[in-house]
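Novice: First the structure, which I've put down as structure tokens, then a few questions once you've had a look.
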Amino acid sequence: MTDAHAEGRTLVLLRHAKAEPPGEAPDVRRPLATRGHADAAAAGAWLAKHELLPDVVVCSAARRTRETWHGVAMGMTGSPPEGGSAGPAPVVRYEADAYEAHPEDLLALVRRVDPSARTVLLIAHNPGISLLSALLDPIRADQDGMRTSDVVVHRPEGDWADLGRRRAPITARHTARG
């Protein structure tokens, strides 16, 4: 069942920003590199400029994705996510299942979003996020995959619960560099 406003839905995929090289700590705890912090803020500024402020953020629970979200929020509003000034703060869901996720796993997370949400931002990792973009729009997806801080904007056809293969054309993409 599709509501009358489904054409207004936007799914923004964002691969986390540049992280520090792997070290002795577990991969899930890798922080962003200095460049990554700047790139995350640049991604947020681009989203704000294009009026792509999310109602819901689905973010991997890994440190580098959480830090990416914080930088994006700062770039969108000029203030931390808790005290944003560019409209109401989005609902943010940190999902452990988004770490090392297959595209179908990421798709399942998006399908559970509140049906009233208009814009959803998904922040995750490769290869899953690149493969999800290709699953949603195999014609326009970048066959080389998403690089760090890449933003890909999809326009789903139908409700979030109905999101699936070839059901969300790509309408914009951007590589954020701070």
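Novice: Heavy atoms only, probe 1.4 Å: what % of the accessible area of the chain goes to carbon and sulfur, would you let me know?
Specialist: C and S fraction of accessible area: 53 percent.
Novice: Could you check the spin-label model distance between Asp114 and Arg177? Points 7 Å from the Cα along Cα→Cβ, value in nm.
Specialist: Simple spin-label model gives 3.8 nm for this pair.
Novice: Tally the DSSP beta bridges in the chain and give the antiparallel ones as a percent, rounded to 5.
Specialist: Of all bridge pairs located within the chain, approximately 40 percent are antiparallel.
Novice: Peptides 99-110, 26-37, 64-75: what's the order by average Cβ count within 10 Å, highest mean first?
Specialist: 64-75, 99-110, 26-37
Novice: Let me ask something else about it. For Rg and Dmax of the Cα atoms in Å, which listed value, (i) 14.9, 51; (ii) 16.6, 53; (iii) 19.7, 63, comes from the coordinates shown?
Specialist: So the calculated entry is the one marked (i).
Novice: Given H placed on each backbone N at 1.01 Å, which residues far from Thr119 in sequence or on other chains put an amide H within less than 5 Å of it?
Specialist: Close amide H contacts, sequence-distant or interchain: Thr10, Asp55, Val56.
Novice: Enter the accessible area per residue of the chain (Å², integer; probe 1.4 Å; all protein chains in place).
Specialist: Averaged over the residues of the chain, the accessible area is 48 Å².
Novice: Related question: Rounded to the nearest 500, what is the chain's calculated 222 nm mean residue ellipticity when only DSSP H runs of at least 4 contribute -39500 (n - 2.57) each, over all residues?
Specialist: -8500 deg cm²/dmol
Novice: With a 10 Å radius around each residue's Cβ, average the other Cβ atoms per peptide and rank 171-177, 141-147, 13-19, highest first.
Specialist: Highest-to-lowest ranking by the protection proxy: 13-19, 171-177, 141-147.
Novice: So if we plug the beta-carbon distance of Ala25 and Val91 into 1/(1 + (r/R0)^6) with R0 = 41 Å, what FRET efficiency do we get, rounded to 0.05?
Specialist: Calculated value: 0.90.
Novice: Principal axis extents for the stretch 78-178, Cα atoms only, whole Å, descending order, please.
Specialist: Ordered largest first, the stretch 78-178 gives principal extents of 38, 33, 27 Å.
The values are calculated or read from the model by the stated rules, or taken from the named source; none is laboratory data. Since the model is a prediction, treat every value here as computed from it, not as a measurement. Neighbour counts run over all protein chains shown; Cβ positions are idealised from the backbone, glycine included. Each accessible area value is taken on the protein alone, full model and side chains, heavy atoms only, with ligands, DNA and RNA left out. Shrake-Rupley method; radii C 1.70, N 1.55, O 1.52, S 1.80 Å.
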